[in-house]
Amino acid sequence: MRTENEQTTYLKDYKPSAYLIPKVELRVEIEPKLTKVTALLTIEPAEGTTPDTPLVLDGKALELTSIALDGAPLGLDLFEAGPDGLTVFSPPSRRFVLETEVMLSPEDNTELMGLYRSNGVWCTQCEPEGFRRITYFLDRPDVLSTYTVRVSADKTLAPVLLANGNLVESGDDGDKRHFALWHDPHPKPSYLFALVAGDLGAYRDAFTTASGRHVALAIYCEHGKEDQCAYAMDALKRSMAWDEKRFGREYDLDVFNIVAVSDFNFGAMENKGLNIFNDRYVLARPETATDADYAHIESIIAHEYFHNWTGNRITCRDWFQLCLKEGLTVFRDQEFTSDERSRAVKRIEDVRGLRMAQFPEDGGPLAHPARPAQFREINNFYTATVYEKGAEIVRMLATFLGETEFRKGTDLYFERHDGDATTIEAWLKVFEDSSGRDLSQFGKWYLQAGTPTVTVEEDWDQESQTYRLSLSQHTAPTPGQPDKQAMAMPVKFGLIGPNGNATEWSSVSGGTVTNDMIVLDKDRLDLTFEGVSSRPVASLFRGFSAPVRVVSKASQADRLFLARHDSDPFNRWQALQDAAMTLMLDAVRNGGQLADKEATSALATALGDTLENDNLDSAFKAHAMALPSEVNIAQALAKDVDPSVIHSVRRDLLKEISTQLSHKLQDAYDALGKISNPYSIAAEATRARALRTQCLALLVAGGEAQSADLARAHYADTDNMTDRMAALGAIVAAWTPDAQALLDDFRARFGSDMLVYDKWLALNASAPDDKCLERVAAIYASPEFPKSNPNRLRSLVGTFGMTNVAQFARIDGAGFRFVTSFCRDVDGRNPQVAARVLTAFRSWANYEPNRKAAAKSALTLMATAGGLSRNVSDILTRTLEG
Ligand code: B3K
Ligand code: ZN
């Protein structure tokens, strides 16, 4: 039986609000202990609301201190107020003003939702349901209001006072206090409200939009770190220019502010005109941030900025539509990075990310559609499926339509829905109208959970010069969805002849096929290509044109042929991944032995050739030289997973490759040194560092003492974090004899820099040694560990549970028990972080029987103990029910 705590909300029950709040005036008087919030809400009944319909406002942990309607105190018999809501029984059936006053204590807020204090700075997080912790409100995304906000605080404690929109007025408020009055002219849902008050430094710049609007830009951060905001600012200006060019979208206020805070539950938040960021996605300097950190900063700055149109001006009708803004905005930030950096490399990185996070989610008990139909706790739906699969769906739409038609569709979307809170159906309708196509079958991607498997069968007949290609799709059942229907997907493809060039065909029958794309829209498609004069090697799903798992009987030889000759760089990378995966899966099934020496050597040769190919970009080569991860292998096995066998097989293959290629790796390492040094974030140097450090990692994986020496020197003799982390990462991954000493050295070097401390925590948690768990547990238990900071918690235990498969899933179950007791402990302070870390169990049912039993017992113990937040109990119940 479910408790009330676990009540489910259904999409089918959606009803528009009975009341609207066109105008909000807030007065926020910030005091160190108690903050007073006065709200003047201009409320009116929605069209069709019958008189005397009660007005039910949301609240969470609030304490009402006064209430008035149209200026007159409201009689006690006319309303009911509690911590979790306020009902006015019979409000006027015309426009009226409701005034409420509540008291908050932000210092005690460890959940980091609503108004809280981070490192002395008052800040807010409202998405999805945090505004109700600030004042009583219709806290739902389809209630849009214009906000005027007056913030006041002590001048010394909070010289900086910010809110959404434009600054209207500021000045003295008496008694050492001051105030700022902000007005946001754009109607917005409450989840986009933000306020910041604190003693912060600023890094400033400006941007002029295409139509001549002058926008003052500022990034606020801890004093002394202003210079670390330069890269984020540069990324912001490039994002603003890119959105004008690629999507025709201009910025619409006179200011755009970003604030970096150190306690934040996720990456960042797109509040209108006042983005609030986790400081790890803002601050960077070469000594403490890696090239990967710079890339993350660039894409998250872009992502939040792009939300101004996709999310803010056009928002979601309800939280089931979350991927309307998230999937689309991820797609937009991916495109930005592709245009700014390398398209092929970005695609590989995104697909790696998808397979690390979304595929395991989609293949386990937490699987849900990109547009879910029900939830118990909406915070648990900010998932890889909503974000990353959501972006893949938009990408498929763009692939089907082509660039011009897709842009026509987005133009119409912005024109038709500006100012709306809308739905996935409305989004699809726009493209149906602009392109004249029927997207009903395609639309199922939003509604069906699970990763489709596409099985490929092929046959070439020399005599008739016919090539037959069959593609069939199947999606396994997921929770609540036993039966799946075929979905329409674009299969970008090419046929490659023996000389390595594209091969021609005279005609094709059996389906819709263009020059470079097959439309797979049924369970099974049988295509016949005529006039194919030699046996072709098919390159399918070029650019990963659909988020599916492909199963084919392609030979290792054909895979390595594609790795050498495919004109599509993504599929060259994919072919090497497939070849390596096949070897490792065979070995795992073979009791852990890499049996086929010849095949192993052929793979190593192909990797060596890739490394030496002067026509390929170094960042691409770095990815090509990397093997599928342990998570990927576990996912491919799907059942009877023994993570320790997976770990040792992968380690053995790395060793073989390293041994065979040691000279080539050393040569490349030496040659690249000249391009990657001295440190610069310029593209060429960044790419060279990526490949050089990958060569180093492979060398170290070979297990020779001289490679460990090389890594130690690389670690010590550098001025930048990219090289230092890469060397230490290689040492830790191979757990060389001095790994522990170097970890200690790293910790001592960067004493109080918390973002570097996070890197150290993650390294500790990712190590393959048998003492890993004990070390992680000791760090967590040590008094110096900041137990309430989400970044610290995720770096340590998130990394351990999500990526260190072999140590998390230790045979004795100690890894499982550590993570469940960690989640119970954190749940008392921050349920969102606890629930997120608990998703480490998403693939527990795939383990071999002993580990499966151990995982189940840890989870069951947690469930029986009870006392869990709704966030954690939702994840736990679904994980166990699966
Ligand atoms: N929209 C926010 C995420 C809010 C998460 C709430 N649990 C950041 C983003 O996706 O841009
Ligand atoms: Zn987003």
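Can you compute the charge dipole magnitude of segment 686-726 about its Cα centre, using +1 on each Lys and Arg Cβ and -1 on each Asp and Glu Cβ, nothing else charged? Give it in debye, rounded to the nearest 20.
Dipole size: approximately 200 debye.
Read phi for every residue in segment 173-185 and hand back ³J(HN,Hα) as whole Hz from Karplus 6.51 cos²θ - 1.76 cosθ + 1.60, θ = phi - 60°, with x for Gly and Pro.
Each residue of segment 173-185 in turn: 10, x, 6, 6, 10, 9, 9, 9, 10, 10, 10, 10, x Hz.
Of the accessible area of the chain, with the probe set at 1.4 angstrom, what percent is carbon plus sulfur?
It is 50 percent, rounded to a whole number.
Can you give the helix-only mean residue ellipticity at 222 nm for the chain, where every DSSP H stretch with n ≥ 4 adds -39500 (n - 2.57) and the sum goes over all residues, rounded to the nearest 500 deg cm²/dmol?
Here the helix-only value at 222 nm equals -12500 deg cm²/dmol.
On the first, second and third principal axes, largest extent first, how far apart are the outermost C-alpha atoms of segment 256-334 in Å?
Principal axes ranked by extent give 44, 22, 22 Å for the Cα atoms.
How big is the shadow of the Cα convex hull of segment 633-780, averaged over all directions, in nm²?
Here the figure is 10.1 nm², rounded to one decimal.
Convex hull volume of the Cα atoms in segment 146-196, per residue, in Å³?
61 Å³
Near the amide H of Val259, under 5 Å away, which other amide H atoms are found, from residues 5 or more places off or on another chain, if H is placed in the peptide plane?
Those lying under 5 Å, H to H, from Val259 are Tyr220, Asn275, Ile276, Phe277.
Which pairs in the list Lys188/Lys245; Lys36/Lys176; Lys346/Lys771 are over 29 Å apart, alpha-carbon to alpha-carbon?
Lys346/Lys771, as the Cα separations exceed 29 Å there.
Mind ranking 23-34, 697-708 by how tightly packed they are, going by the mean number of other C-beta atoms within 10 angstrom, highest first?
For the peptides 23-34, 697-708, the packing ranking is 697-708, 23-34.
May I ask which of Lys389/Lys759; Lys492/Lys553; Lys522/Lys597; Lys389/Lys664; Lys444/Lys553 have a Cα-Cα span longer than 30 Å here?
Flagged as over cut-off: Lys522/Lys597; Lys389/Lys664.
Taking Rh as the Kirkwood radius, which is the inverse of the mean 1/r over Cα pairs, what is the Rg/Rh value for segment 553-735?
Radius of gyration relative to Kirkwood radius: 0.97.
How large is ³J(HN,Hα), in whole Hz, for each residue of segment 587-595 in order, when computed from phi with the Karplus curve 6.51 cos²θ - 1.76 cosθ + 1.60 and θ = phi - 60°, using x for Gly and Pro?
5, 4, 6, 9, x, x, 9, 6, 7
So what is Rg over Rh here for segment 221-361, counting just Cα atoms and using Kirkwood for Rh?
Radius of gyration relative to Kirkwood radius: 0.95.
From the backbone phi of segment 767-780, what are the Karplus-calculated ³J(HN,Hα) couplings (6.51 cos²θ - 1.76 cosθ + 1.60, θ = phi - 60°) in whole Hz, Gly and Pro given as x?
Karplus values, whole Hz, x for Gly and Pro: 5, x, 6, 5, 8, 4, 4, 4, 5, 4, 5, 5, 4, 5.
Quick one: if the Förster radius is 35 Å, what FRET efficiency do Glu31 and Asp753 give, using the C-beta to C-beta distance and rounding to 0.05?
Efficiency computed from Cβ-Cβ geometry: 0.65.
Ranked highest first by the average count of other Cβ atoms within 10 Å around their residues, in what order do 471-480, 398-407, 758-767, 165-174 fall?
Highest mean packing first, the order is 758-767, 471-480, 398-407, 165-174.
List the relative contact order of the chain as a percent without decimals, with contacts defined as Cα pairs under 8 Å and 6+ residues apart.
8 percent
Shape verdict for segment 306-376, please, from the Cα gyration tensor: rounded (a/c under 1.5), prolate (a/b greater than b/c) or oblate.
It comes out oblate by the Cα gyration axes.
Net charge near His214: determine it from the other residues with C-beta under 15 Å of the C-beta of His214, scoring Lys and Arg +1 and Asp and Glu -1.
Around His214, the charge tally is -2.
Which net charge results when you count Lys and Arg as +1 and Asp and Glu as -1 among the other residues whose beta-carbon is under 13 Å from that of Lys408?
-3
Quote to one decimal, in nm, the extra length available between Asn119 and Asp825 on full extension: 0.36 nm per residue of separation minus the C-alpha distance between them.
252.0 nm
Does anyone have the angle between helix 739-749 and the longest principal axis of the chain? Alpha-carbon axes, 0 to 90°, nearest 10?
Here the helix axis deviates by roughly 40 degrees.
Would you work out if segment 315-447 is rounded, prolate or oblate? Take a ≥ b ≥ c from the square roots of the eigenvalues of the alpha-carbon gyration tensor; rounded if a/c is under 1.5, else prolate when a/b is larger than b/c, oblate otherwise.
oblate
In debye, nearest 20, what is the charge dipole magnitude of segment 315-447 about its Cα centre with +1 on Lys and Arg Cβ and -1 on Asp and Glu Cβ, if you could check?
The dipole magnitude comes to about 320 debye.
Give the Debye-formula value of log10 I(q)/I(0) at each listed q (0.12, 0.20, 0.23, 0.26 Å⁻¹), with one equal scatterer per alpha carbon of segment 453-546, two decimals each.
-0.40, -0.95, -1.20, -1.45
Under the rule a/c < 1.5 gives rounded, and otherwise a/b versus b/c splits prolate from oblate, where does segment 751-882 land using the Cα gyration tensor?
oblate
Mind checking the angle between helix 643-676 and the chain's longest principal axis? C-alpha axes, 0 to 90 degrees, to the nearest 10.
That works out to roughly 90 degrees.
If R₀ is 41 angstrom, what is the calculated FRET efficiency for the pair Gln374 and Ala241, using the beta carbon separation as r and rounding to 0.05?
0.50
With N set to the residue count of the chain, report its C-alpha Rg divided by 2.2 N^0.38 Å to two decimal places.
After normalising by residue count via 2.2 N^0.38 Å, the value is 0.97.
Could you size up the charge dipole of the chain around its Cα centre, putting +1 on the beta carbon of Lys and Arg and -1 on that of Asp and Glu, and report it in debye to the nearest 20?
900 debye
When you count, for each residue, the other Cβ atoms within 10 Å and take the mean per peptide, how do 602-608, 269-275, 829-835, 458-464 rank with the highest first?
269-275, 829-835, 602-608, 458-464
Angle, helix 754-766 long axis vs. longest principal axis of the chain, Cα atoms, 0 to 90°, nearest 10?
Relative to the chain, helix 754-766 is tipped by roughly 40 degrees.
Sorted from largest down, give the three principal axis spans of the alpha carbons of segment 22-98, whole angstrom values.
Here the spans come out as 44, 23, 22 Å, largest first.
Spin-label point model (7 Å from Cα, Cβ direction): what's the Asp717 to Thr65 distance in nm?
Between Asp717 and Thr65, the label points sit 6.5 nm apart.
In the neighborhood of Asn846, defined by Cβ-to-Cβ distances under 12 Å, what is the net charge if each Lys or Arg adds +1 and each Asp or Glu adds -1?
With Lys, Arg at +1 and Asp, Glu at -1, the net is +1.
The values are calculated or read from the model by the stated rules, or taken from the named source; none is laboratory data. Computed from a prediction, not measured in an experiment: that's the story for all the values here. Cβ: placed from backbone, ideal geometry, glycine included. Neighbour counts: every protein chain shown. Please note that ligands, DNA and RNA were not included when accessible areas were found on the heavy atoms of the full protein model with its side chains. Shrake-Rupley method; radii C 1.70, N 1.55, O 1.52, S 1.80 Å.
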